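The values are calculated or read from the model by the stated rules, or taken from the named source; none is laboratory data. What you see is a predicted model; the values in this text were computed from it and never measured.
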Amino acid sequence: MKRFSVLITIGIIVLLLVIAGLSVAGTYNSLVSKTQDVDAQWAQVETQYQRRYDLIPNLVNAVKGSMAQEKAIFDAIAEARTRYGQATTTDTKAAAAGELETAVGRLLVVMENYPELKSIQNVTQLMDELAGTENRISVERRRYNDVVRDYNTSIKTFPTNLVAGMFGFGEKEYFTSVSGADQAPKVEF
């Protein structure tokens, strides 16, 4: 009888260890999945940044001849595109994209003062495509922040935080706009 109770006790301990192991494995797999979601959503943001990056030279070339005196804006766009092309981390890409966004915003403000540009079909089409891309960027950034929030919430809640800590799952950064993005660009003639 004593031997039987020892076997039952060992069986219960093994069963509890298996259940705990499966629970840890399930939590780990969930965190891996959420990490992949964050990475995939950031790739969507980058896809839209690349679309913008590709559209801007076409727009700049279409209006450059009519706006030769606005050389500083074109230079700022070129520099921002170069920084974005050289960026390697999520933070540097986001910062470079913000600089590019500011420079393009200045270009669009200046273009408003050149009504003859709006009558050029190519310029109008490129501006529409750029506006659509900016909207998609905004949507993808929001989605990125949503999956980051979901991931960060997961790694901070009990008992998932224990597994996250054991396996080195750290907090992800939200996308934030660059400093000064809340200010309208100033354009002087």
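Structure summary
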| read-out | value |
| --- | --- |
| Within segment 102-142, considering residues that are basic (Lys, Arg) and at pLDDT 85 or above, the one farthest from Glu79 (Cα to Cα) | Arg142 |
| Helices (runs of 4 or more DSSP H) enclosed by segment 84-173 - at least 2 residues per element that are under 12 Å from the mean Cα position of the chain (by Cα) and farther than 25 Å from Val63 by Cα | 90-112, 121-156 |
